Ligand code: BG6
């Protein structure tokens, strides 16, 4: 058996972590452009500089502190911002796509930067230079037979929509977003077939993603903003199919496993409630309605969602064609409040004594991948696509320029073995595998460069030093064999 013919072996990136060119070609500022670097291993968070009402500046933790009313995040000229150059896909796209082709990629996931197309987000007419940039990229990919997979929004709301409209809390943002979607769907309808709506929709809950003030203290605002996201995602599916019935439009969720600590029923119940941070979104986007428990939760919390006429029908009609998900590590559910914790992507996790972790504390769990593939398949019976997976690690460049990364090869090999079992033994319909940061990119969680995922090394450090030259790591040659043998040679 093995992986199906045409299985999408590839790799994944996101504009704000990879592209750079942060003001080139008429691009506007995205929220990500005002976020500094941090240091994940020493718990130094990424921050934002705010211009306060009295003209003074204050730096805040981008996730741990609220943006006060009237404060405006801005680019402080004495501060380094990793997204501004990132690893400069903007100027290296031909070279990079040629390297992906050399590895044998069948598909490549990238995101469109909303602010290249609509610099402020609320313009009526798009920026032609931005549109042309992605035309050039898609043409380059198609030249090599590489199928694009496009994330419509990957954590980069236009800053203007946050400061002027309160981001996704404002219903108008749905209209601005739909104008953007309509524009890119019409423009690229003959070049792009596979789309993803919001990256890791289940992690869109703070200023960085939703662009709303009071994201920490006003659960009602977050709930309303999330409702707008879900309606927008459903409208995307409906409109996309009208524009091109062949479009395959998926959701994108971080879907990792959470094990009950033991057979204590309380721990199992904890697991169910923690999993709801994921199943809420997969249920709405696949079944087309809010689960009962969520409505009860909102009611008990005194949250009254403002639904417009037609919203429920939209959710029902706009269910996705496939489920794209990221998978890196797993966690444990326990009622023991003193349980040891460790880092995980964009949230913290409880330590699992059976698992090892990477340098950032993310627990490595290949079997967990088979478990979630089965869970998702059994619950929805929709095609699945692993659109992110991989190991963040520090790579050393040897004197002769070579980079030996057996740890990365081992991580992926173990995950592919489990994927294969899910396909061969469990009958899961899997469309593709897209390791994250197939070329080194800025870390989303920490803003570091030293946390690398790529098969391709990029010379750039945490402070912006480096000449950006590209180099093939050992994993490059290993993954080339994987792609060329359709996953048979590991
Ligand atoms: C996911 C995101 O959360 O994990 C990516 O979709 C991110 O944007 C990836 O880069 C890995 O996380 P990190 O923090 O190691 O970059």
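Values in this text are rule-based calculations from the coordinates and carry no lab data. These figures come from a predicted structure and were not determined experimentally. No Cβ is skipped: glycine too gets one built from the backbone with ideal geometry, and neighbour counts run over all protein chains shown.
Look at the stretch 447-462: where a residue is without any contact (Cβ under 8 Å) to a residue 24 or more places away in the chain and a partner is within 11 Å of the ligand (Cβ to nearest atom) and part of a loop (DSSP other than H, G, I, E, B), sitting 6+ places away or on another chain with Cβ atoms under 6 Å, you get 454/437; 454/440; 461/449. Here the stretch 245-257 is the region considered, the condition is being assigned to a strand (DSSP E or B) and more than 16 Å from the ligand (Cβ to nearest atom), and the residue that is surrounded by the fewest Cβ atoms within 10 Å (Cβ to Cβ) is 248.
One residue is enough: does the stretch 368-377 have a residue meeting the conditions touching a residue at least 60 places away in the same chain (Cβ under 8 Å) and in a loop (DSSP other than H, G, I, E, B)? No: the stretch 368-377 contains no residue that is touching a residue at least 60 places away in the same chain (Cβ under 8 Å) and in a loop (DSSP other than H, G, I, E, B). Checking 135, 166, 175 one by one, the residue that is surrounded by fewer than 23 Cβ atoms within 10 Å (Cβ to Cβ), over 25 Å from residue 237 (Cβ atoms) and more than 16 Å from the ligand (Cβ to nearest atom) is 166 and no other. Scanning the stretch 185-219 for residues that are over 22 Å from residue 346 (Cβ atoms) and either in contact with a helix residue (DSSP H, G or I) (Cβ under 8 Å, 6 or more places away or on another chain) or surrounded by fewer than 17 Cβ atoms within 10 Å (Cβ to Cβ) (or both) yields a total of 10.
Scanning the stretch 1-28 for residues being within 22 Å of residue 110 (Cα to Cα) and crowded, with 21+ Cβ neighbours inside 10 Å gives a total of 16. Listed by first and then second residue, the pairs with beta-carbon distance under 6 Å, at least 6 apart or on different chains, first residue in the stretch 310-326 and over 14 Å from residue 240 (Cβ atoms), second more than 16 Å from the ligand (Cβ to nearest atom), are 311/231; 315/234; 315/288; 316/288; 323/376; 323/382; 323/384.
Scanning the stretch 316-345 for residues that are closer than 21 Å to residue 272 by Cβ and away from the ligand (no atom under 11 Å from the Cβ) gives 323, 330, 331, 332, 333, 334, 335, 336, 337, 339, 341. Evaluation of residue 289 against the conditions (1) under 19 Å from the mean Cα position of the chain (by Cα); (2) in a loop (DSSP other than H, G, I, E, B); (3) under 16 Å from residue 305 (Cα atoms) shows that the sole unmet condition is (1). It is to be established whether one or more residues within the stretch 424-435 are out of contact with any helix residue (DSSP H, G or I) (no Cβ under 6 Å at 6 or more places or on another chain), within 14 Å of the ligand (Cβ to nearest atom) and assigned to a loop (DSSP other than H, G, I, E, B). So far as the stretch 424-435 goes, yes, one or more of its residues are out of contact with any helix residue (DSSP H, G or I) (no Cβ under 6 Å at 6 or more places or on another chain), within 14 Å of the ligand (Cβ to nearest atom) and assigned to a loop (DSSP other than H, G, I, E, B). The test for being within 19 Å of residue 316 (Cβ to Cβ) and touching a strand residue (DSSP E or B) at 6+ places or on another chain (Cβ under 8 Å) holds for residue 249. One residue alone among 215, 223 is in contact (Cβ under 8 Å) with a residue 40 or more places away in the chain and either in a helix (DSSP H, G or I) or in contact with a strand residue (DSSP E or B) (Cβ under 6 Å, 6 or more places away or on another chain) (or both), and that residue is 223. Regarding residue 267, is this residue within 16 Å of the ligand (Cβ to nearest atom) and either in contact (Cβ under 8 Å) with a residue 12 or more places away in the chain or in a helix (DSSP H, G or I) (or both)? The answer is no for residue 267. In this structure, residue 482 does not qualify as farther than 17 Å from residue 83 by Cβ, more than 16 Å from the ligand (Cβ to nearest atom) and in contact with a strand residue (DSSP E or B) (Cβ under 6 Å, 6 or more places away or on another chain).
For every residue, the table says whether it meets (1) in contact with a helix residue (DSSP H, G or I) (Cβ under 8 Å, 6 or more places away or on another chain); (2) closer than 25 Å to residue 208 by Cβ; (3) within 11 Å of the ligand (Cβ to nearest atom).
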position	(1), (2), (3)
369	yes, no, no
382	yes, no, no
387	no, yes, yes
396	no, no, no
399	no, no, no
420	no, no, no
440	no, yes, yes
449	no, yes, yes
464	no, yes, no
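Of 242, 182, which residue is in contact (Cβ under 8 Å) with a residue 24 or more places away in the chain, surrounded by fewer than 22 Cβ atoms within 10 Å (Cβ to Cβ) and over 30 Å from residue 271 (Cβ atoms)?
The unique qualifying residue is 182.
Is it the case that the stretch 179-194 has a residue that's more than 16 Å from the ligand (Cβ to nearest atom) and part of a strand (DSSP E or B)? Scanning the stretch 179-194 turns up at least one residue that is more than 16 Å from the ligand (Cβ to nearest atom) and part of a strand (DSSP E or B). Could you look through the stretch 399-412, keep only residues that are touching a residue at least 40 places away in the same chain (Cβ under 8 Å) and surrounded by fewer than 16 Cβ atoms within 10 Å (Cβ to Cβ), and pick out the one that is farthest from residue 454 (Cα to Cα)? Restricting to residues being touching a residue at least 40 places away in the same chain (Cβ under 8 Å) and surrounded by fewer than 16 Cβ atoms within 10 Å (Cβ to Cβ), the top hit is 401. Scanning the stretch 154-170 for residues that are outside any helix (DSSP H, G or I) and touching a helix residue (DSSP H, G or I) at 6+ places or on another chain (Cβ under 6 Å) yields 155, 156, 157, 158.
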